[in-house]
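Take a look at the structure below.
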Amino acid sequence: MTQFSDLKLDPKVLKAIDEAGYTTPTPIQAQAIPHALEGRDVLGIAQTGTGKTASFTLPLITRLGRGRARARMPRSLVLAPTRELAAQVAENFDTYAKYTRLTKALLIGGVAFGEQDKLIDRGVDVLIATPGRLLDHFERGKLLLTGVEVMVVDEADRMLDMGFIPDIERIFGLTPFTRQTFFYSATMAPEIERITNTFLSNPARIEIARQATASETIAQELIELPATRRDGAAKLKREALRAIIKAEGDKIENAVIFCNRKVDVDILSKSLQKYKFDAAPIHGDLDQSVRTRPLEKFREGELRLLIASDVAARGLDVPSVSHVINYDLPSHPEDYVHRIGRTGRAGRSGKAISLMVPADQKYLDQIEALLQKPLPRGTAPDIATPTETPEAESERPRSRTRDRDRKPRAKPAPEAQAQIPAPVPAPVQAPVQAPVQATATPAAKPKAEAPQPEKAQLHQFEDAKAARGPRGAPTQGRNRPERGDNRNDQRGAVVGMGDHVPDFLMRQFRSA
Ligand code: AMP
């Protein structure tokens, strides 16, 4: 078996690797490093968890050992699709280059330009960047890419998903054609193939088997939830998730919980917090400092549950994660493999639990086709035991208005009656109130109570607040903007603003 000492790496790098506790190179390292050190282009088809970062960082450091950086002219460039991934490459670089005098700069969004400019002005050996931010600096005239000797493109398939391919092509064009290129992608979509054919020169192609086939240390479990009414699925899933977390108990040292949509990352995280779980979200919309804080806490073992979207979790590099929970089954089967690969790393055991509702069947079929085996079925948690607290139940306010607009509770849809395992007891008054309201809110209700047409949206919001009235006060008329009631916990809504109503629109004022 190849040892690190067999690879012709700089002794300073070998010392740092030794301190990092690595004994033997991973397959991608053993195969890519010799080619990289010979000066060849490398095309690595491998995903997170295979040790790919070190497979390009170690030869990069070795190669840059000689020579000095010039102002504004980085000697190498590493492009990563997300801030988190770029930051992790930077961390890896710091670890492996600790005994060298090489310098680096990290160019990512959410960090002030000034600091980054200063570093580049001084001259850096390694510039690690997201494509958009790099081009921002370039366009501001702060950067020249004509001194780039080595260029790395990491997670090109993600770049493709995120629409960065035109940026990547442009950046390739700004670097000298004599550069050496390391290009990594988990999959080879035709667009990626095209880029590699255009910009790589006779690369050594190294393909590492899918993690799915290697992840014997991950115990997988699928929890099939029953059908509900469409609007009941999210609630049922949240209940099931809480029950699973409770059932797993102390076995969950820490868990990454994946949602498909960013909006659900927030909703789920707030819901778990209300139920006093130690949870926080990470997704791409937040300011950089806010965004990395939960990640740092999670890494330090100070946060137990990290709620994430696929994009935000790219490159999430926490060696010991006891559980991965798919709150949603991913729509791309490769994401399933990426997600569960966060646990069971480096020979440790891990558990991956996935929730599924009947509508997810097509996703399950794709995942099982990719894995070439069925996912082991787990037992659905006993969610008949109420896990709700009255206060917490308000996390997704059940709108009286909406309930009244629905069918009377006394006659629930047979499907819902038969299949919702843990029905929330209907309020006693519901069967009486509901039919009355159902007939009292015809679509053709006169517009008398509607906001005046010339009034601004602000007034619609005020109307929405008034319409809600004190708790339990009946709401009149369908023309009231009830959707605000349904979708916002406390704030109401302004038509067209979705859930994000700026504060200034919330203030009341009277026109003179
Ligand atoms: P990556 O695929 O680059 O995201 O790396 C996955 C994880 O494996 C990281 O936590 C690395 O620190 C770790 N790692 C990389 N190379 C080795 C190695 N040769 N031996 C043990 N762990 C490694």
Looking at (1) within 9 Å of the ligand (Cβ to nearest atom); (2) touching a strand residue (DSSP E or B) at 6+ places or on another chain (Cβ under 6 Å), which one does VAL42 not meet, given that it meets all the others? (1)
Pick from the stretch 312-336 the residues that are outside any loop (DSSP other than H, G, I, E, B) and modelled with pLDDT under 85: which of them is farthest from the ligand (Cβ to nearest atom)? PRO333
Picking from LEU102, LEU143, LEU127, LEU119, the residue that is part of a loop (DSSP other than H, G, I, E, B), outside the structural domain of VAL311 (by TED's automatic domain parsing) and touching a strand residue (DSSP E or B) at 6+ places or on another chain (Cβ under 7 Å) would be LEU102
Sort through THR62, THR50 and tell me the only one that's in contact (Cβ under 8 Å) with a residue 24 or more places away in the chain, within 16 Å of the ligand (Cβ to nearest atom) and over 24 Å from the mean Cα position of the chain (by Cα). THR62
Yes or no: the stretch 77-89 includes at least one residue that is away from the ligand (no atom under 16 Å from the Cβ) and either farther than 15 Å from TYR184 by Cα or more than 21 Å from the chain's Cα centre (by Cα) (or both). yes
Would you confirm whether or not the stretch 25-33 contains a residue that is more than 14 Å from the ligand (Cβ to nearest atom) and over 16 Å from ILE128 (Cα atoms)? no
Members of the stretch 32-49 found to be closer than 12 Å to PRO59 by Cβ and either hydroxyl-bearing (Ser, Thr, Tyr) or part of a helix (DSSP H, G or I) (or both), listed by number: ALA32, ILE33, PRO34, HIS35, ALA36, LEU37
ASP18 within 13 Å of the ligand (Cβ to nearest atom), closer than 20 Å to THR130 by Cα and surrounded by fewer than 24 Cβ atoms within 10 Å (Cβ to Cβ): no
Being within 16 Å of the ligand (Cβ to nearest atom), crowded, with 24+ Cβ neighbours inside 10 Å and not in a loop (DSSP other than H, G, I, E, B) is the filter here, so list the residues in the stretch 339-372 that pass it. ILE340
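The values are calculated or read from the model by the stated rules, or taken from the named source; none is laboratory data. None of the values given here were measured: they were computed from a predicted structure. With ideal geometry, Cβ positions are generated from the backbone for all residues, glycine too; neighbour counts draw on all protein chains shown.
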